[in-house]
Structures are given as structure tokens and as C-alpha cells.
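Enquirer: Once you've had a glance at the structure underneath, I'll fire off some questions.
The values are calculated or read from the model by the stated rules, or taken from the named source; none is laboratory data. Quick caveat, the model's predicted, so the values are computed rather than measured. Neighbour counts are summed over all protein chains in view; Cβ atoms, including those assigned to glycine, are modelled from backbone coordinates with ideal geometry.
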Amino acid sequence: MLYRALILVLFLSGFFFLTSCDTGVQGDLNENQPPLVFLSVESVDRSENRLSSQVHIRWWGSDPDGYVVGYEFAIDDPSGWTFTTRTDSVFVLPIEPGEQTGDVEFFVRAIDNEGLASAEPASVVFQIVNTPPVATFDRNVSVSDTTYNIANFGWSISDADGEENLRDIEIALNDTTAADAWKVLPIGVNFINLVLENGDTNPQFRVHTGQTFQATDVLLDNVQLDSDNTFYLRAVDQADARSEVDEITWHLKRQTSRILFLNDYSTNTEAAATLHQNLLANAGITEYDYIDISDGVVAGGFKVPFTQAFPSVTTPTVNQTLAYWDYIYWVSNDLDRNIVYALEITEQFFENGGKMFLNIPSKFLTPDEGVFNFLPVTRMTPRPTEANNFIVVRNEPVLPVGGFSGPELQLASNLQNRPPIQVAPGAQPLYQATFRLSLLTGGSAPFDGNSIVAARSADDNMIYFALDMRDFENNQNLADFLAQMVLDELGFSSN
């Protein structure tokens, strides 16, 4: 009984104590404390005891009663804050336009989980110096020595103070002193084409940017036709500092005709040109523009390097250039020469309705050669197993075929290594020759297979003649043949 009474007394005493006390928490709550922030310069470049305007800055923070959620920084003006969650960055610090040096103050403060900023931001003053940018033409993708209508230029721009410090590109043509001589382009442009407009009255170049050939409102005056022109380039940075000027000079020819003569004979180039020019004159064609593309050598089974007479940028520059003509007269002595690039450089020409005559002798090629995607030909007839060569016989006429009407031709001598052509589906065979087989055992034998040597494409915009015109002796018939091909069949006209 005594034990139970003691338990009851203790229970009642505890109950009385609890019910007689104020159970609320006493005292004032602590206010949120602002976070602390610290910074350091991670890396800098120095020039003449000043920093480059490109500076790597690092900062960090702590909060005594919470946690840091981010930071705000400002440059020169502590009222213009920018929020970030980063703890470092590379800054291109601004210099007043026209000034080479400047003293720039950088501020940073921490922000805690309740949105409270540091009571005092951390700051540092940077004494900086601006480095002018550098602008350099890329000669590998810039204009060739001579052009018609279009000139292309590529370049690279750099700035030791960082790409963010670049502001503009400036270009000029022939004159850099006039008040409006320099035209401005966006800093991201690194390739342009200058496209001739108003060539006969007030020649100007319109700037087209990029590989997509986008026209701009930028026009360049002072264009000199049939003369040398100089194109100037410089870059401008945020401090209004300009690079040294780079320049390229080239010759701009005036287009005089709707016909373009492309001479790709690698041997006896001038003699071959004279022959074809005489044939064209006999057909009444004396006005045409002429480009010699006979540079480069076919060697070791490789195709010829793309001619340096054209810009190296085939699309869009060469493509757009060739599209200025309505007709192309293309002659060569080898299917491994510049005709291998024809598909990629004549797309715009044919889209504009252009027509082309090609005189290039046939040769043995594998069926997968790219030239068969361009010519109205699927392949050259392969050597028969019992022979090592085809012979085109001189004392047999080269005649029109398949209902086509044209003059008879006569070869001056037998031709070796000239296989017949396999005409593409839809294309029209125009001429055939007499072929014999040169046998491995000696002598020759008749060949009764395909004997086509000329064809017109399915869409009537190309004629390919696979025997070299230098191999014919009857010039009058050859002149009549050519006149029919380019005038009657393809509609060539100089005007």
C-alpha cells in the first residue's frame, strides 16, 4: 500500500508542475544572415603590365544560416546585376570605344536560399589593354586570277582578347579612302561571293554570303571591268580597334557573249583552240567568251586536279558563274580531265536552260566512273576478250544513224584506243563509225557490235561527240557537221 501511495504522489506532483508552467518558447527569432562572397582571378594574360581584356574570374560563397543558391555579377555598374549559378567564367571586359586601355571594376555577390544578397559584394579593378583583331584571307577558297561576273572570298578573323570581343567585318573595293568606302558585314560571315550587277551601265557587286549564296543589301561600287580590281578586308572589335588590312587583286573580265568556249586540251592547246575556233567561225560563230582550263596533268591513273582557272569553290561559285552563259562549247583530249567535275559545276547552268556541246575522245573506263552520271552515256564498250583494242577505221565513213540526218565524215587515220559509247536510256544516237578489233594474235577482225560515237541527251540539252575533231581530214564536212550540231540541234546564238 505504501508503494502505491508513493507512485500516486509522484504522478500528481508531475501533473501539477506541467499544468502550472507556460509551455511557449521564450525569446526573439534570429534574422536571416546575408551570405558571404569571395573572388579571385583564375588566369590572365599581361601586356605592358596590363591585363588582356579577356580574364578568367572565379568566385565562391557561404551562408551562415542557410545555403547559397546562386550569384549575381556586374561590370563597372553595381546596379546592373546578372544572375548565374556558375562559380567561374571567362569575361571580355569592355574598353571604351576608341581607347586602347581601361580600368574596369568587376563585382560579384552571393544569393542565399531566401533571396538575400551579400551585404557587401566582392570586387576587383582590372587594368586592361585591348589587342587589335586579325583578319586574313584564306587563299585556298578565294578568287582565282581571272573571273567573269563573280568573285569569291573566304577569310578568318581572330582576336587575342576573345571571339566575344569581335564586333564587325569591313570590306571595300578598289578605294578605301572615300567616306562610304568600307561596308559592314556581321562578324559570323567568313565566305562571300561578289556578284556583278548592271554590268553594261553602272557595274556594281552585290554581296552574297555563305555556301547557300544568300543575297544581301550590301553593294560595292568602283567595279573595273576588263581590268584589275582589289578587294580589301579588316575586322573591328568592341573597342573600335581595327585590324591591319588584307587585300587580294584579281582581273575581272567583261562577258561579251551567250556562248562560253572551254578549252581543256592538255597538249597542243593553242593549235586545238585554233581548229575549233575556225570551225565555229565557219558556222558563223565568232563572238564567244573563252577560258583555258588546260592546266593540270593526268598521271598515274588519277584524275586531273580541278583547274585553277576556276575558283576552287565549285558550289556555289563556279556553279553560279557558268550559269551566266546559255551555251557551253567544251573540248578536251581526255575524259580524265576537268569533265570529271562537270556534274557539280553545271547544275545551275542546266537548271537555267543551258545547252552544251562536248567533243572529248572516248577511252576505256570502268562503268562506275562519275562521268557517266553526266554524259548521255552509260559506259564505254569494254575490250572483247579476244582483242586488246578497238580500231576506228579511216577509210570507212562516219555516218549519221537511226534516222538522224547529217553530213558524212572521214577520218584522216586509223584511231587506236577509241571504244564505241553505250548510249544512255532515252538518249538519241547520232553517229556511228566502223570499228575493227586488233587481235592479240596479230592482225584485225571485223567488229559487229555497237558502233555509236555521238549521242544527244534525253532532255535535248547536250550533244557528246566521242571522236577528236583533230582526227578528221575533210574540214568542209566537219564544219558542216559542227554547224548542224551547235546551230540546228542545240540552237547556239552569240546574241
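Enquirer: For segment 62-106, name all the residues that are of a type in the set (D, E, K, R), without any contact (Cβ under 8 Å) to a residue 60 or more places away in the chain and farther than 23 Å from Ala119 by Cβ.
Expert: Asp103 - this is the single residue of segment 62-106 that is of a type in the set (D, E, K, R), without any contact (Cβ under 8 Å) to a residue 60 or more places away in the chain and farther than 23 Å from Ala119 by Cβ.
Enquirer: Kindly establish whether Met469 is of a type in the set (A, V, I, L, M) and touching a His at 6+ places or on another chain (Cβ under 8 Å).
Expert: So Met469 fits the description; yes.
Okay, residues lined up against (1) modelled with pLDDT of 95 or more; (2) under 15 Å from Phe73 (Cβ atoms); (3) hydrophobic (A, V, I, L, M, F, W, C); (4) in a strand (DSSP E or B):
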| site | (1), (2), (3), (4) |
| --- | --- |
| Asp103 | no, no, no, yes |
| Ala110 | yes, yes, yes, yes |
| Glu120 | no, yes, no, no |
| Ser123 | no, yes, no, yes |
| Ile128 | no, no, yes, yes |
| Thr147 | yes, no, no, yes |
| Gly154 | yes, no, no, yes |
| Ala160 | no, no, yes, no |
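Enquirer: So how many residues does segment 440-463 have that are touching a helix residue (DSSP H, G or I) at 6+ places or on another chain (Cβ under 9 Å) and acidic (Asp, Glu)?
Expert: Total meeting the criteria: 2.
Enquirer: Within segment 57-79, which residues are over 15 Å from Val124 (Cβ atoms) and of a type outside the set (D, E, K, R)?
Expert: Across segment 57-79, the qualifying residues are Gly61, Ser62, Pro64, Gly66, Tyr67, Val68, Val69, Gly70, Ser79.
Enquirer: Just to be sure I understand the filter: pairs with C-beta atoms under 7 Å, separated by 6 or more residues or on different chains, first member in segment 151-164 and among the charged types (D, E, K, R), second member part of a helix (DSSP H, G or I). Which pairs pass?
Expert: Between residues of segment 151-164 that are among the charged types (D, E, K, R) and residues that are part of a helix (DSSP H, G or I), the close pairs are Asp159/Asn165.
Enquirer: Which members of segment 302-350 meet the condition of being of a type in the set (A, V, I, L, M), buried (at least 18 other Cβ atoms within 10 Å of the Cβ), over 14 Å from the mean Cα position of the chain (by Cα) and under 21 Å from Leu490 (Cβ atoms)?
Expert: Answer for segment 302-350, where residues must be of a type in the set (A, V, I, L, M), buried (at least 18 other Cβ atoms within 10 Å of the Cβ), over 14 Å from the mean Cα position of the chain (by Cα) and under 21 Å from Leu490 (Cβ atoms): Leu322, Ala323, Ile328, Val331, Leu335, Ile339, Ala342.
Enquirer: In addition: For segment 173-198, how many residues are surrounded by 14 or more Cβ atoms within 10 Å (Cβ to Cβ), farther than 14 Å from Ala135 by Cβ and among the polar types (S, T, N, Q)?
Expert: So the answer is 2.
Enquirer: OK, next. Being in a strand (DSSP E or B) and assigned by TED's automatic domain parsing to the domain that holds Thr346 narrows it down to one of Leu365, Leu375, Leu399, so name that one.
Expert: Testing whether each residue is in a strand (DSSP E or B) and assigned by TED's automatic domain parsing to the domain that holds Thr346 leaves just Leu399.
Enquirer: Hey, can you tell me all the residues within segment 433-473 that are out of contact with any Pro (no Cβ under 9 Å at 6 or more places or on another chain) and among the polar types (S, T, N, Q)?
Expert: Ser438, Thr441, Ser444, Asn461
Enquirer: Next up: Return the pair list, or none, for Cβ contacts closer than 7 Å from residues in segment 303-322 that are at positive phi to residues that are at pLDDT below 95, at least 6 apart or on different chains.
Expert: Pairs that qualify, where the first residue is at positive phi and the partner is at pLDDT below 95: there are none.
Enquirer: When the residues of segment 73-95 are filtered to those that are among the acidic types (Asp, Glu) and either outside any loop (DSSP other than H, G, I, E, B) or exposed (fewer than 13 other Cβ atoms within 10 Å of the Cβ) (or both), which remaining residue is nearest to the chain's Cα centre (by Cα)?
Expert: Here the residue is Asp88.
Enquirer: Now, a different point. Restrict the check to segment 250-267 and report whether at least one residue is assigned by TED's automatic domain parsing to the domain that holds Thr321, at pLDDT below 95, at negative phi and surrounded by 17 or more Cβ atoms within 10 Å (Cβ to Cβ).
Expert: Yes - at least one qualifying residue is present in segment 250-267.
Enquirer: Here are Asp471, Asp488: which of them is within 39 Å of the chain's Cα centre (by Cα) and either surrounded by fewer than 21 Cβ atoms within 10 Å (Cβ to Cβ) or free of Cβ contacts under 8 Å to residues at least 40 places away in the same chain (or both)?
Expert: When all the criteria are applied, what remains is Asp488.
Enquirer: Okay, moving on. Could you run through segment 253-287 and say how many residues are part of a loop (DSSP other than H, G, I, E, B), farther than 17 Å from Pro361 by Cα and in contact (Cβ under 8 Å) with a residue 40 or more places away in the chain?
Expert: 9
Enquirer: So, in segment 419-447, of the ones that are over 47 Å from the mean Cα position of the chain (by Cα) and part of a strand (DSSP E or B), which residue ends up nearest to Glu386 (Cα to Cα)?
Expert: Ranking the qualifying residues of segment 419-447, first place goes to Leu439.
Enquirer: Another one. Confirm whether Ile339 is part of a helix (DSSP H, G or I) and in contact (Cβ under 8 Å) with a residue 40 or more places away in the chain.
Expert: So Ile339 passes the test.
Enquirer: Kindly establish whether Gln238 is under 21 Å from the mean Cα position of the chain (by Cα) and modelled with pLDDT under 95.
Expert: no
Enquirer: While we're here: Would you call Ala479 surrounded by 20 or more Cβ atoms within 10 Å (Cβ to Cβ) and in the same structural domain as Phe372 (by TED's automatic domain parsing)?
Expert: Against the criterion (surrounded by 20 or more Cβ atoms within 10 Å (Cβ to Cβ) and in the same structural domain as Phe372 (by TED's automatic domain parsing)), Ala479 does not qualify.
Enquirer: Say whether the condition of being out of contact with any Phe, Trp or Tyr (no Cβ under 8 Å at 6 or more places or on another chain), surrounded by 15 or more Cβ atoms within 10 Å (Cβ to Cβ), farther than 23 Å from Arg167 by Cα and modelled with pLDDT of 90 or more is met by at least one residue in segment 36-52.
Expert: Checked segment 36-52: at least one residue is out of contact with any Phe, Trp or Tyr (no Cβ under 8 Å at 6 or more places or on another chain), surrounded by 15 or more Cβ atoms within 10 Å (Cβ to Cβ), farther than 23 Å from Arg167 by Cα and modelled with pLDDT of 90 or more.
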